Every structure is written in structure tokens, then in C-alpha cells.
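None of the figures in this text is laboratory data; all of them are computed from the coordinates on show. Computed from a prediction, not measured in an experiment: that's the story for all the values here. No Cβ is skipped: glycine too gets one built from the backbone with ideal geometry, and neighbour counts run over all protein chains shown.
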Ligand SMILES: *Cc1c(COP(=O)(O)O)cnc(C)c1O
């Protein structure tokens, strides 16, 4: 008999909440492709319906395949409960919408994930909720933005382009003193490398389309928190808007989870080799990576993240748009695409959203190039980068 140790990664990923005897010993859980669940008696049905956030009644609510995934994701985050939704963006909007009311105030760190900004600046604004954006690298900026009606402090640490961090322990303490809810987008680290709830953050969410899925073939999101904070999300936006993921997507995410630690380990080793190579390359002016000793918040990164990996942002010495585009166009092993966290390495230049004629070589933001490291051989990637850098000089 397996000893259930809920903080043991191998136990969580391979055994927690799997009931193989009930499905003929199948090692992979079934995809419970059902829209409803039948009951034996009125009493049983009544109990389930009264307690719908904990029972299987209807497919817009909970599903048994998704429930296996949720139990594992909650355990990884050290959370009481997890809710899987149909995208990372949904995780952000559902968590915020469930906990904000008309006339309240949100403090958000500068430049969160684009669709969080769209939520704050468009959707939420319509409800007469104001959002103040602050530079979250300094806790005093957050503290001085607090108003009597501040309800939520919204964090993303690190962010996915320039990796600014917030001191999670300090923000958690500040928010508790003022009775403010804290929400963090933890997509960069995943709970394997940063567990925000351990630092006193209330709600930790992530896009599962990145590392949890891990194969670039599913869109989903995860919200982890105490049960009392998840319940209003279920009874609010989740059920009314129909934000559930499909059983098949949950199954794909379960499959992704099995290999999450080895994938991240491999990505981490490769990332470090590439960082070292790029740092020494004469065509590269700057490299932005949280575990690089020159990173402005290196000490904080080391303190609250178990590792940095996957995403590297570089600035080329040559300031022309042509040089950036030539570098990206000549990479053979880096797919040019949005998103990240899959098996394949990717490249995306910041200037892709800068209209023709508006590019400014003196604007660092226009010159950023983000690399997402996948599972390829490090030597192959370094060789590829070397050739593209030479051509773009
Ligand atoms: C991708 C991403 C999201 C949104 O996730 P989707 O699954 O694409 O909706 C949110 N936050 C971060 C940091 C992301 O990288």
C-alpha cells in the first residue's frame, strides 16, 4: 500500500486522488465525457444539488476527470482547493470578478499580462472599479497606493517579458494588515518553483496552457486558494458564464503533469547554458534573466523562487529593426509564435506589435527579443543562435 504523503511530489503526480480499482485498473484515468450524473434516490440527488460545488451533478460544474486534476494542482500549490477553468485569462478574470464589487479599488503591478490590463481598463472599469498601476519592485509604491476602498492587490512575479518581481512575503504582510485580498499570476514559476500561498498570498493562479499542458496543444487555467475564496468563484462567474474546461482537456493536463518536473529540470539546465553563451556573445548588449547576478532583483529572485528557467529576453547591440528581424527570421529551431511552455523553443520580438514606421531604436522596449526554451538539445539551440546572431550583426 502506498503511503499518502501529500507534500511528496511523486505521490501527488502519480497517485494522489487516483482510484484505479474503480476503472478496471486502468493506469490512465478515464475521460468522463458526460454532461450529467444520475442518482439512485431523491435524497441523494437533493444532497448533491445543495452541495453542488462539492458534487457531480452537471457538466457546467464539476467533472470527475477534472476533479483528479484539481486535487493534484491544489496539493502542488499547498492550497485547500483548486479550480480548473478554460484559459489562463479566464483564471484572472474569474478570480478578480468574483471578489470585486462596484466602487471598489484595485492596485495592480505595472504591465501585467495583456488581458489582465484589458480586464482592468475595460471590463472592470464599467463597474466603476478603478485600477491603480504601480511599480511593484518597491513595496512602498504599493503601500502608498492603498485607499480605504482597495479590495485587491494584483501581482505577477516574475512577469513574462522583463521579469520584474514583487517581494511576496512583504506584500502578503502589508495586505493582511489592511484586509486586502492578494492575487498572483504564477505562470512563470509554476507551483513547483514558487508557492505563493506559503508567502501569505491569498490566490495563486496560472495559465495551464504553458508548462502544465506542456505540449502546446491545450488552453486552460488554474486558480488555487482556500476553499472560502474558491467558492464565490464557482457560485459566481464560473457557473454563470460557463467557464469549465472540457474533460478531454483535463485529461491532457493530467498527462502533462506526469512529466512536469522532468521537463522543467531539463528546460532549466538548457536555459542556464544558453544564458551563459548569450552573455559572452559580442552581438548581445543585454540579457534579462532573474537568476543572472546582474539582474536588479537577483537577491529577491534567489530568496523566493526555487529556480529561474524557460524565458530569456535579450537586447542586440545593433539597434536596427532590420537586425532584430533578421536574427528572428534566421533561427531554424526556434518557432516564431506567441505563448510558451511547450516542448519546442520559440522566439518572439517585442517589435512585432510596433507598427511600421514607429520603431525607435532608442526605446529598449522595442528592441526586446524573448526566447522560450524547450526540450531540444542545448548544443543544437546554441549553434542555431550563433548562426542567426552572426547574420544579424
Ligand atoms: C499565457 C499567459 C496568461 C494567459 O493564459 P491563457 O491560457 O493563454 O489564457 C496569463 N498570464 C501569463 C503570465 C501568461 O503567460
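Annotations for the structure displayed:
- Extended-chain gain in nm, criterion 0.36 nm per residue less alpha-carbon gap, residue 198 and residue 335: 45.7 nm
- Residue of 127, 257, 83 that the Gaussian network model of the chain assigns the largest fluctuation, springs spanning Cα pairs under 10 Å: 127
- Cβ-derived FRET efficiency at R0 45 Å, residue 9 paired with residue 49, nearest 0.05: 0.80
- Using the Cβ-Cβ distance between residue 294 and residue 356 with R0 = 41 Å, the FRET efficiency computed as 1/(1 + (r/R0)^6) comes to roughly 0.80.
- Cα gyration tensor shape of the range 76-205, rounded if a/c is under 1.5, else prolate or oblate by comparing a/b with b/c: rounded
- Between 0 and 90°, nearest 10: helix 168-178 axis offset from the chain longest Cα axis: 50 degrees
- The label-point distance for residue 387 and residue 227, in a model that sets each label 7 Å from Cα toward Cβ, rounds to 5.7 nm.
- Between helix 64-77 and the chain: long-axis angle, C-alpha atoms, 0 to 90°, nearest 10: 60 degrees
- Full-extension gain in nm, residue 378 to residue 176, via 0.36 nm per residue minus C-alpha separation: 68.3 nm
- Pairwise centroid distance, computed over Cα atoms, of the range 247-320 with the range 193-216, Å: 16 Å
- Spacing of the modelled spin labels on residue 17 and residue 262, each 7 Å from Cα toward Cβ, amounts to 2.4 nm.
- Under the simplified labelling scheme, the residue 317-residue 248 pair shows an inter-label distance of 5.1 nm, with each label point 7 Å from Cα along Cα→Cβ.
- The chain: angle of helix 88-99 to the longest principal axis, Cα-based, in degrees nearest 10: 60 degrees
- Semi-axis lengths, Å, the range 183-270, gyration tensor of Cα atoms, sqrt of 5 times eigenvalues: 24, 18, 9
- Annotation: extensible slack from residue 135 through residue 114 equals 6.0 nm (criterion: 0.36 nm per residue apart, minus Cα-Cα distance).
- Length-normalised contact order for the chain - Cα pairs under 8 Å, 6+ apart - percent: 15 percent
- For the chain, share of DSSP beta bridges that run antiparallel, in % to the nearest 5: 55 percent
- Shape class of the range 225-376 from the alpha-carbon gyration tensor: prolate, with a/c at 1.5 or above and a/b greater than b/c.
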